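Participant: Here's a structure for you.
The values are calculated or read from the model by the stated rules, or taken from the named source; none is laboratory data. The model shown is predicted, which means the values in this text are computed figures rather than measured ones. No Cβ is skipped: glycine too gets one built from the backbone with ideal geometry, and neighbour counts run over all protein chains shown.
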Amino acid sequence: MINDAAPEGATPLDPDEREGLKPKHITTRGELDELEQANIQTGLQWVSRSRQKDILTDDFLRTLHKRLFGEIWNWAGTYRQTEKNIGIDPLHIGVELRTLVDDARYWTENDTYPPLEAAARFHHRMVQIHPFPNGNGRHARIAADLYLERHFGHTPIEWTHGFDLQTDNERRNAYIAALRAADGGKFDPILELVGANQL
Ligand SMILES: Nc1ncnc2c1ncn2[C@@H]1O[C@H](COP(=O)(O)OP(=O)(O)O)[C@@H](O)[C@H]1O
Ligand SMILES: [Mg+2]
């Protein structure tokens with residue numbers, strides 16, 4: 001049931017991962033979405049209390065995932081061990097994430113990209129790696145906003161424009177299409193989506 005009615009571009013959970021569901025009374029995807037959303041709110045409170053200025057470590061990114069999803073999934077904050085339709089070979093997740101945070105640090109220190117472009121590239125690479133069994137999109141949107149805030153002193157991205165990015169709608173379709181374009185090396189759509197092309 002948890003994989004039922006999943007929106008386009010979501011990663012299905014395999015049986016072992018479904019076993020990791022902590023609340024035992026959930027029967028619909030709607031209930032799961034609601035509980036996850038409540039956990040994310042608690043996690044975001046932790047984020048705003050934490051004054052950690054440097055969020056560019058694999059350790060912080062795992063802790064963030066655990067804070068956002070740890071009340072719902074017992075594997076929150078631990079890397080995926082199975083292959084998915086999206087994402088790299090699970091064996092390479094640790095190395096690739098460390099490369100990404102090092103790259104992102106370099107981009108900040110060397111002004112390689114304007115802040116929104118750096119954040120868009122950071123976000124795309126993170127969801128492309130797909131470190132966790134689930135929650136990758138939500139985690140990587142929050143991580144990109146934290147990268148903007150704490151490493152550039154920049155305001156967050158307007159991801160939703162009033163839409164719910166967890167269900168199928170035109171905004172999500174544009175978001176997924178932009179990520180797919182970026183998979184192919186074409187970054188214009190994701191830059192447009194995060195507002196990096198506006199002067
Ligand atoms: N082709 C793609 N390339 C890169 N990332 C993608 C692609 N398709 C989907 N994604 C990302 O994967 C996310 C879905 O993964 P999932 O782990 O289910 O996250 P969540 O549970 O937060 O929605 C999408 O929100 C998007 O960020
Ligand atoms: Mg999902």
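Participant: Given the criterion in contact with a helix residue (DSSP H, G or I) (Cβ under 6 Å, 6 or more places away or on another chain) and either at pLDDT below 95 or among the polar types (S, T, N, Q) (or both), identify the matching residue among T108, T99.
Facilitator: Going through T108, T99 in turn, the sole match is T108.
Participant: Could you look through the range 4-16, keep only residues that are under 27 Å from N169 (Cα atoms) and more than 10 Å from ligand 1 (Cβ to nearest atom), and pick out the one that is surrounded by the most Cβ atoms within 10 Å (Cβ to Cβ)? Give the steps one after another, and end with the answer.
Facilitator: Step one: of the range 4-16, the residues under 27 Å from N169 (Cα atoms) are 4-14.
Narrowing the set further to residues that are more than 10 Å from ligand 1 (Cβ to nearest atom) leaves 4-5, 14.
Details: D4: 8, A5: 12, D14: 15.
By that ranking, first place goes to D14.
Participant: Against the condition hydroxyl-bearing (S, T, Y) and either out of contact with any helix residue (DSSP H, G or I) (no Cβ under 7 Å at 6 or more places or on another chain) or not in a loop (DSSP other than H, G, I, E, B) (or both), how does T63 come out, does it pass?
Facilitator: Working: hydroxyl-bearing (S, T, Y): yes; either out of contact with any helix residue (DSSP H, G or I) (no Cβ under 7 Å at 6 or more places or on another chain) or not in a loop (DSSP other than H, G, I, E, B) (or both): yes.
The answer is yes for T63.
Participant: If you go through the range 81-99 one residue at a time, how many are loosely packed, with under 13 Cβ neighbours inside 10 Å and hydrophobic (A, V, I, L, M, F, W, C)?
Facilitator: 2
Participant: While we're looking at this one, here's another question. Taking the range 175-199 only, how many residues are closer than 20 Å to P114 by Cα, among the charged types (D, E, K, R) and either part of a helix (DSSP H, G or I) or touching a residue at least 60 places away in the same chain (Cβ under 8 Å) (or both)?
Facilitator: Of the residues in that region, 2 qualify.
Participant: Among (1) closer than 30 Å to G153 by Cβ; (2) outside any loop (DSSP other than H, G, I, E, B); (3) in contact with a His (Cβ under 9 Å, 6 or more places away or on another chain); (4) not small (G, A, S), there is one condition L56 misses while meeting the rest; what is its number?
Facilitator: Status for L56: all satisfied but (2).
Participant: If F132 passes every condition in (1) in a helix (DSSP H, G or I); (2) near ligand 1 (Cβ under 10 Å from one of its atoms) but one, which one does it miss?
Facilitator: All conditions are met except number (1).
Participant: If only one of T63, T112 is surrounded by 16 or more Cβ atoms within 10 Å (Cβ to Cβ), under 18 Å from A144 (Cα atoms) and not hydrophobic (A, V, I, L, M, F, W, C), which one is it?
Facilitator: Details: T112 fails: surrounded by 16 or more Cβ atoms within 10 Å (Cβ to Cβ).
Answer to the selection: T63.
Participant: When residues of the range 36-56 are filtered for being of a type in the set (A, V, I, L, M), away from ligand 1 (no atom under 13 Å from the Cβ) and surrounded by 13 or more Cβ atoms within 10 Å (Cβ to Cβ), how many remain? So that I can check it myself, show each step before the final result.
Facilitator: Keep residues of the range 36-56 that are of a type in the set (A, V, I, L, M), which gives 38, 40, 44, 47, 55-56.
If we keep only those that are away from ligand 1 (no atom under 13 Å from the Cβ) too, we end up with 38, 44, 47, 55-56.
From what is left, the residues that are surrounded by 13 or more Cβ atoms within 10 Å (Cβ to Cβ) are 44, 47, 55-56.
Qualifying residue count for the region: 4.
Participant: If the requirement is being touching a helix residue (DSSP H, G or I) at 6+ places or on another chain (Cβ under 9 Å) and away from ligand 1 (no atom under 12 Å from the Cβ), which of these qualifies: A144, A119, A178? Break it down stepwise before answering.
Facilitator: Numbers: A144 fails: away from ligand 1 (no atom under 12 Å from the Cβ); A178 fails: away from ligand 1 (no atom under 12 Å from the Cβ).
Going through A144, A119, A178 in turn, just one is touching a helix residue (DSSP H, G or I) at 6+ places or on another chain (Cβ under 9 Å) and away from ligand 1 (no atom under 12 Å from the Cβ): A119.
Participant: Could you tell me whether any residue of the range 109-116 is within 9 Å of ligand 1 (Cβ to nearest atom) and either outside any helix (DSSP H, G or I) or under 15 Å from G195 (Cβ atoms) (or both)? Please lay out each step first, then the result.
Facilitator: Kept after step one, since they are within 9 Å of ligand 1 (Cβ to nearest atom), are these residues of the range 109-116: none.
No, the range 109-116 contains no residue that is within 9 Å of ligand 1 (Cβ to nearest atom) and either outside any helix (DSSP H, G or I) or under 15 Å from G195 (Cβ atoms) (or both).
Participant: Just checking, how many residues over the range 40-58 are acidic (D, E) and more than 15 Å from the chain's Cα centre (by Cα)? Lay out the reasoning, then the answer.
Facilitator: Within the range 40-58, the subset acidic (D, E) is 54, 58.
Now narrow it down to the ones that are more than 15 Å from the chain's Cα centre (by Cα): 54.
Adding up the residues that qualify gives 1.
Participant: Hey, another quick one. Go over the candidates I142, I129 one by one and state the one that is within 16 Å of ligand 2 (Cβ to nearest atom), touching a residue at least 60 places away in the same chain (Cβ under 8 Å), of a type in the set (A, V, I, L, M, F, W, C) and crowded, with 20+ Cβ neighbours inside 10 Å.
Facilitator: Numbers: I129 fails: touching a residue at least 60 places away in the same chain (Cβ under 8 Å).
Among I142, I129, only I142 is within 16 Å of ligand 2 (Cβ to nearest atom), touching a residue at least 60 places away in the same chain (Cβ under 8 Å), of a type in the set (A, V, I, L, M, F, W, C) and crowded, with 20+ Cβ neighbours inside 10 Å.
Participant: For the range 149-179, give me each residue that is among the charged types (D, E, K, R) and under 13 Å from A120 (Cα atoms).
Facilitator: E158
Participant: So for the range 162-184 (the condition being over 23 Å from I72 (Cα atoms), among the β-branched types (V, I, T) and either surrounded by fewer than 14 Cβ atoms within 10 Å (Cβ to Cβ) or within 16 Å of ligand 2 (Cβ to nearest atom) (or both)), does at least one residue qualify?
Facilitator: Yes, that holds for at least one residue.
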